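S.K.: Submitted below is the structure of interest, expressed as structure tokens.
The values are calculated or read from the model by the stated rules, or taken from the named source; none is laboratory data. Here the structure is a predicted model, which is why all the values come from computation and not from measurement. Cβ sites come from the backbone with ideal geometry, for glycine too, and all protein chains shown count toward neighbours. We work out accessible area using only protein heavy atoms, side chains counted, and drop any ligands, DNA or RNA first. Shrake-Rupley method; radii C 1.70, N 1.55, O 1.52, S 1.80 Å.
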Amino acid sequence: MDLLVFAHRLEAQCFFDKHHLTREECHFTELYKSPHFYLLICGEGLQKASESMIATLSTQTEISRVINYGVAGFLKPEMFNVPPSFLEVRCHYSENHFHSYQNAEANSEFDCISAHERVLKKEYAKRLSLFAPLADRESWAIARASSLFKKDFRSFKYLSDFADESTDCEDIKSQSSVFSQIFYKEYQKIKPKTTDSQEVETSEIFPSRYFSHGLIQQSQKVLLVLKNKKLNASEIISEILERVLASKKFYGRGVGREVLKELKRAAFPQSMHIEDHIKEFLKEKNLHTILRYLSNHPQHAFKIETPFNTTEELQDILKKLSVFSCEEIDALIEKGLSQ
Amino acid sequence: MKFSQVFVEKKIEKNPLTHKVLKKLQNPNYTVIDSYEDVFQKKKKPYLHKRTSLQLFLAEKKGELIKKAPPAYGMSDQENHYYFIHSYNCIFECEYCYLQGHFNSPDIVLFLNHQEIITAISKKLANTPEKTWFHAGEFSDSLALNHLTQEWSLYFDCFSKYPHGILELRTKSANIAHLLKLKPLKNAMVTFSLSPEKQVQSYDHQTSPLKARIIAMEKLQNHGHPLGVHFDPLIITENFEQEISALFKMMEKHLSLTSISYYSLGVVRFTPEVFRSFQKNYPDSSILSSPLQKSFDGKIRYPYLLRKFLLEKIEEKLCKNYDVDKSKIYWCME
């Protein structure tokens with residue numbers, strides 16, 4: 001569900017007029033809810049906006065996207081010639097903070113800097129204009145809170161005036177109902193997201209009885225490789241899962257481990273092919289119980305893994321190891337790489 | 001090249017080189033600032049904003065003007081390797097570029113106090129009798145904006161006095177007009193990063209096309225400038241061997257490969273921070289579908305065997321098919 005955020009109630013007036021909004025109990029915030037969206041009046045300034053956003057997002061978990069509507073002043077005189085008076089912001093900066101936050105889908109080229117006080121002096125406007133052409137008072141804090149809670153964020157601004165000594169805050173306030181109608185009209189163009197498709201996908205693809213959290217993470221990395229190879233990753237995984245289950249050789253998380261192995265085989269056929277050759281080689285030489293091939297080692301390497309507690313046993317191991325040849329391994333690898 | 005905003009440091013506003021650059025930019029509107037550091041990297045600016053709103057800073061380099069290069073940087077660890085910084089960031093956009101995770105802004109900073117940098121180089125060379133390399137292009141492309149700055153004549157003058165000092169200008173640009181006006185020096189090398197054509201088209205956005213780079217190399221070679229080649233980064237593809245063969249054939253048609261001073265080979269690699277930025281900036285890049293993994297030094301690169309395979313294949317082809325002396329080939333950062 002969307003959370004619509006406004007600094008002042010008047011800017012949201014049209015939404016109050018056209019929807020049945022009820023006040024939500026949410027700490028100290030002015031939060032409202034309709035069957036279709038939440039609406040927050042966050043107040044003016046970075047601190048107020050931060051506080052109300054954090055309070056809202058930490059309690060209202062069904063919010064999936066945050067949209068901020070508000071007014072901004074332009075900081076450069078040349079912006080007078082920019083035709084759109086309503087635009088989407090691309091990136092949000094703050095006067096006193098290093099981090100910046102980008103809008104989820106912005107095609108715009110306009111960035112906005114959130115100032116700590118109202119921009120009413122030319123010198124102040126000039127200083128801020130080094131970083132962005134637009135200034136407002138709160139969108140950076142709204143963007144930051146959205147980012148912390150991993151919510152999609154978009155921000156739209158109505159360009160009210162050139163921010164300097166000529167700014168009359170009362171004038172801007174008196175136009176709020178006009179802005180509000182524009183915001184309402186523009187919101188109708190954006191369809192709200194209702195489900196978190198990523199989560200649905202994950203739980204459907206990786207049933208928890210077969211996949212631990214760690215296995216899911218590893219499998220997702222491999223899936224990314226498959227997706228980049230333009231392969232249908234979910235089709236491949238369900239096919240592998242079906243095959244592994246049909247073999248009846250694996251149970252519980254063992255199924256997940258086997259699926260991951262097969263996935264790797266699909267994603268990195270060459271590496272897995274080499275690994276198979278090496279395992280086969282170790283078995284032939286009767287070394288598979290003594291040596292383990294370390295596939296994740298930065299250089300190809302083996303680990304001696306066998307217990308002993310007498311000199312005879314040690315000599316027996318050394319005798320077995322004497323048939324091991326690094327040259328043969330190199331040849332196997334060479335063969336594997338050229339296939 | 002159109003910059004969205006130009007900043008000039010107050011102390012170099014009257015510098016003739018500043019005027020020269022501003023004149024060439026045909027952009028009389030600029031903002032005077034005390035120090036480029038007051039704006040550059042002051043806020044984290046998304047890397048891909050370079051596509052639409054790239055800012056330019058004309059500034060003075062402070063602090064260390066020459067820096068010791070990391071191990072395995074150059075041809076031989078026995079020789080001294082330094083790099084100097086004449087600019088930050090690049091107008092090109094290579095998907096694997098480490099600059100996307102290095103600076104907190106993609107904006108370009110051109111340092112114009114070349115005389116000071118040259119004095120630092122001269123001082124080092126006067127006190128070091130051994131062969132000593134100075135690499136340009138650690139944080140930028142050496143030639144991409146050379147039509148604006150034209151600084152290399154000053155460096156050539158310096159290196160002509162120190163034959164044991166070697167200057168390396170590293171580039172992916174065919175912007176060589178200025179270099180063709182300079183008298184070649186045996187110890188001033190122009191080195192080009194080359195990759196198979198398909199790779200250049202897929203990953204090296206805004207750079208000079210492969211053929212343009214090779215033709216630029218041909219012109220420089222004919223003019224007498226020593227050349228070097230970086231096959232870096234090597235990226236595995238299904239037709240790696242055919243693509244490399246095609247690249248070598250194209251090079252052979254225009255260049256004397258045995259006259260190239262050295263070949264440096266390197267396989268694609270990322271520090272963890274750069275890799276995170278790369279994943280974010282280019283989520284659909286096919287580089288992500290190659291078998292990258294965390295390596296012994298924490299960097300993300302191919303498994304050792306695959307790296308060895310790629311490096312040996314190139315080395316073998318250069319030596320066997322093109323009579324390149326093996327001593328001219330080195331593996332970079334391996």
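S.K.: Looking for whichever is of a type outside the set (Ser, Thr, Tyr), without any contact (Cβ under 8 Å) to a residue 24 or more places away in the chain and touching an Asp or Glu at 6+ places or on another chain (Cβ under 7 Å) here; the options are A:Arg292, A:Arg265. Which one fits?
M.R.: After ruling out the rest, the residue left standing is A:Arg292.
S.K.: Also, quick follow-up: Looking at A:Glu105, A:Glu44 in this structure, which one is away from chain B (no Cβ under 13 Å) and under 21 Å from A:Ser166 (Cβ atoms)?
M.R.: Only one candidate qualifies: A:Glu44.
S.K.: Would you point out the residue of segment B:308-334, among those that are under 22 Å from the mean Cα position of the chain (by Cα) and within 13 Å of another protein chain (Cβ to nearest Cβ), that is surrounded by the fewest Cβ atoms within 10 Å (Cβ to Cβ)?
M.R.: B:Glu334
S.K.: Taking B:Glu243 as meeting all but one of (1) in contact with a helix residue (DSSP H, G or I) (Cβ under 7 Å, 6 or more places away or on another chain); (2) within 14 Å of another protein chain (Cβ to nearest Cβ), write down the number of the exception.
M.R.: (2)
S.K.: Could you figure out which of (1) away from every other protein chain (no Cβ under 14 Å); (2) modelled with pLDDT of 80 or more; (3) open to solvent by less than 70 Å² (accessible area, probe 1.4 Å) isn't true of A:Glu242?
M.R.: Single failed check for A:Glu242: (3).
S.K.: Hey, another quick one. Can B:Lys2 be described as surrounded by fewer than 18 Cβ atoms within 10 Å (Cβ to Cβ), basic (Lys, Arg) and more than 24 Å from A:Ser108 (Cα to Cα)?
M.R.: In short, no.
S.K.: Among (1) assigned to a helix (DSSP H, G or I); (2) more than 14 Å from chain B (Cβ to nearest Cβ); (3) closer than 30 Å to A:Pro307 by Cα, where does A:His273 come up short?
M.R.: (2)
S.K.: Which members of segment A:254-287 meet the condition of being farther than 22 Å from B:Tyr304 by Cα and surrounded by 15 or more Cβ atoms within 10 Å (Cβ to Cβ)?
M.R.: Correct list: A:Val255, A:Gly256, A:Arg257, A:Glu258, A:Val259, A:Leu260, A:Glu262, A:Lys285, A:Leu287.
S.K.: Considering every residue within segment A:125-135, establish whether at least one is away from chain B (no Cβ under 14 Å) and either part of a loop (DSSP other than H, G, I, E, B) or not hydroxyl-bearing (Ser, Thr, Tyr) (or both).
M.R.: No, segment A:125-135 contains no residue that is away from chain B (no Cβ under 14 Å) and either part of a loop (DSSP other than H, G, I, E, B) or not hydroxyl-bearing (Ser, Thr, Tyr) (or both).
S.K.: Looking only at segment A:159-181, count every residue that is surrounded by fewer than 17 Cβ atoms within 10 Å (Cβ to Cβ) and at pLDDT 85 or above and tell me the total.
M.R.: Of the residues in that region, 1 qualify.
S.K.: Restricting the search to segment B:247-257, which residues are assigned to a helix (DSSP H, G or I), touching a helix residue (DSSP H, G or I) at 6+ places or on another chain (Cβ under 7 Å) and either under 14 Å from B:Glu315 (Cβ atoms) or open to solvent by 30 Å² or more (accessible area, probe 1.4 Å) (or both)?
M.R.: Matches in segment B:247-257: B:Phe248, B:Met250, B:Glu252, B:His254, B:Leu257.
S.K.: Could you check A:Ile236 against (1) surrounded by 15 or more Cβ atoms within 10 Å (Cβ to Cβ); (2) within 14 Å of chain B (Cβ to nearest Cβ); (3) within 22 Å of A:Asp330 (Cα to Cα) and say which number it fails?
M.R.: So A:Ile236 meets the others, but not (3).
S.K.: Identify all residues within segment B:10-33 that are open to solvent by less than 20 Å² (accessible area, probe 1.4 Å) and either facing chain A (nearest Cβ under 9 Å) or within 21 Å of A:Leu75 (Cα to Cα) (or both); write none if there are none.
M.R.: Scanning segment B:10-33 gives a single hit, B:Ile33.
S.K.: Another question about this same structure. Considering only segment B:277-334, how many residues are acidic (Asp, Glu) and in a helix (DSSP H, G or I)?
M.R.: The total comes to 3.
S.K.: What is the residue count in segment B:34-54 for residues that are facing chain A (nearest Cβ under 9 Å) and surrounded by 19 or more Cβ atoms within 10 Å (Cβ to Cβ)?
M.R.: So the count comes out to 6.
S.K.: With respect to the numbered conditions (1) in contact (Cβ under 8 Å) with a residue 12 or more places away in the chain; (2) in a loop (DSSP other than H, G, I, E, B), which one is the sole condition not fulfilled by A:Ile54?
M.R.: Against the list (1) in contact (Cβ under 8 Å) with a residue 12 or more places away in the chain; (2) in a loop (DSSP other than H, G, I, E, B), A:Ile54 comes up short only on (2).
S.K.: Tally the residues that are at the interface with chain A (Cβ under 9 Å from one of its Cβ atoms) and of a type in the set (A, V, I, L, M, F, W, C), restricting the search to segment B:298-307.
M.R.: Matching residues across segment B:298-307 total 2.
S.K.: So A:Ile54 fits all but one of (1) of a type in the set (A, V, I, L, M); (2) within 13 Å of chain B (Cβ to nearest Cβ); (3) over 17 Å from B:Lys43 (Cα atoms); what number is the exception?
M.R.: (2)
S.K.: Next question, about the same structure. May I ask you to verify whether A:Leu260 is farther than 23 Å from B:Arg307 by Cα, part of a helix (DSSP H, G or I) and touching a Ser or Thr at 6+ places or on another chain (Cβ under 6 Å)?
M.R.: Answer is yes for this residue.
S.K.: Scan segment A:131-143 and tell me whether some residue there is without any contact (Cβ under 8 Å) to a residue 40 or more places away in the chain and under 28 Å from B:Phe57 (Cβ atoms).
M.R.: yes
S.K.: Return the residues of segment A:17-60 that are loosely packed, with under 14 Cβ neighbours inside 10 Å and of a type outside the set (A, V, I, L, M, F, W, C); say none if nothing qualifies.
M.R.: Hits for segment A:17-60 are A:Asp17, A:Lys18, A:His20, A:Thr22, A:Arg23, A:Glu25, A:His27, A:Pro35, A:His36, A:Gln47, A:Ser58.
S.K.: Looking at segment B:271-297, which of its residues are more than 11 Å from every other protein chain (Cβ to nearest Cβ) and either buried (at least 16 other Cβ atoms within 10 Å of the Cβ) or not acidic (Asp, Glu) (or both)?
M.R.: Answer for segment B:271-297, where residues must be more than 11 Å from every other protein chain (Cβ to nearest Cβ) and either buried (at least 16 other Cβ atoms within 10 Å of the Cβ) or not acidic (Asp, Glu) (or both): B:Thr271, B:Pro272, B:Val274, B:Phe275, B:Arg276, B:Ser277, B:Phe278, B:Asn281.
S.K.: Among the numbered criteria (1) facing chain A (nearest Cβ under 10 Å); (2) within 15 Å of B:Glu95 (Cα to Cα); (3) open to solvent by less than 40 Å² (accessible area, probe 1.4 Å); (4) outside any helix (DSSP H, G or I), which single criterion is violated by B:Pro233?
M.R.: Evaluating B:Pro233 over (1) facing chain A (nearest Cβ under 10 Å); (2) within 15 Å of B:Glu95 (Cα to Cα); (3) open to solvent by less than 40 Å² (accessible area, probe 1.4 Å); (4) outside any helix (DSSP H, G or I) leaves (1) as the failure.
S.K.: For the structure I just gave you, tell me whether A:His300 is within 12 Å of chain B (Cβ to nearest Cβ), farther than 30 Å from A:Pro207 by Cα and open to solvent by 40 Å² or more (accessible area, probe 1.4 Å).
M.R.: Considered against the rule, which asks whether it is within 12 Å of chain B (Cβ to nearest Cβ), farther than 30 Å from A:Pro207 by Cα and open to solvent by 40 Å² or more (accessible area, probe 1.4 Å), A:His300 comes out as yes.
This table checks each residue for (1) polar (S, T, N, Q); (2) on the phi > 0 side of the Ramachandran plot.
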{"site": "B:Ile85", "(1), (2)": "no, no"}
{"site": "B:Asn89", "(1), (2)": "yes, yes"}
{"site": "B:Cys94", "(1), (2)": "no, no"}
{"site": "B:Gly101", "(1), (2)": "no, no"}
{"site": "B:Ile108", "(1), (2)": "no, no"}
{"site": "B:Gln115", "(1), (2)": "yes, no"}
{"site": "B:Ile118", "(1), (2)": "no, no"}
